[in-house]
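A quick write-up on the structure given underneath.
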Amino acid sequence: MKGKTDYLLVFANEVEIKSITPNLNEIAKLNARGVIITAKGNEVDFVSRFFAPQSGVNEDPVTGSAHTSLTPYWAAQLRKSDLTAIQLSERKGYLQCKYLNDRVEISGKAKLYLQGEIYLK
């Protein structure tokens, strides 16, 4: 299915999500920001990965915006509003997601990626 900006592809299980090798050249040709793949998780409610080579990101480590599509989908499938998730990128991201009907609340622990300073004159 296609959401507002991304395609959402649902697979049978977590093993499939871990083992997929995306064809980034083909994904880059799609008329979308990116492709989200997902499945029911083994130890969490759902797992996912996100590919957006046309946006300059082959595989995003943890994609908050993708979880705004994933959370309503899995809330409906699992009939619950509080969900746990793992984005199975190389770095991995652990998220708690809450479906609030017209909003999605996402939380988790962040990892420092970049630190810098900006000087204004």
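Among residues of region 5-24 that are within 20 Å of Q77 (Cβ to Cβ) and without any contact (Cβ under 8 Å) to a residue 12 or more places away in the chain, those with a beta-carbon under 9 Å from a residue that is of a type in the set (A, V, I, L, M) and surrounded by 12 or more Cβ atoms within 10 Å (Cβ to Cβ) at least six positions away or on a different chain give the pairs V15/A39.
Residues in region 11-43 that are touching a strand residue (DSSP E or B) at 6+ places or on another chain (Cβ under 8 Å), surrounded by fewer than 17 Cβ atoms within 10 Å (Cβ to Cβ) and among the β-branched types (V, I, T): I20 alone. Does region 49-61 contain any residue that is part of a helix (DSSP H, G or I), touching a residue at least 40 places away in the same chain (Cβ under 8 Å) and out of contact with any Lys or Arg (no Cβ under 8 Å at 6 or more places or on another chain)? Scanning region 49-61, I find no residue that is part of a helix (DSSP H, G or I), touching a residue at least 40 places away in the same chain (Cβ under 8 Å) and out of contact with any Lys or Arg (no Cβ under 8 Å at 6 or more places or on another chain), so the answer is no.
To keep it simple, each residue is scored yes or no on (1) crowded, with 17+ Cβ neighbours inside 10 Å; (2) of a type in the set (A, V, I, L, M, F, W, C); (3) under 18 Å from R33 (Cα atoms).
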residue	(1), (2), (3)
R49	yes, no, yes
V62	yes, yes, yes
S69	yes, no, yes
W74	yes, yes, no
R79	no, no, no
E90	no, no, no
C97	yes, yes, no
E105	no, no, no
K109	no, no, no
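The strands (runs of 3 or more DSSP E) falling completely within region 66-121 that include 3 or more residues that are under 16 Å from the mean Cα position of the chain (by Cα) and at pLDDT 95 or above map to 82-87, 93-99.
The values are calculated or read from the model by the stated rules, or taken from the named source; none is laboratory data. All values derive from a computational prediction rather than experimental measurement. Cβ sites come from the backbone with ideal geometry, for glycine too, and all protein chains shown count toward neighbours.
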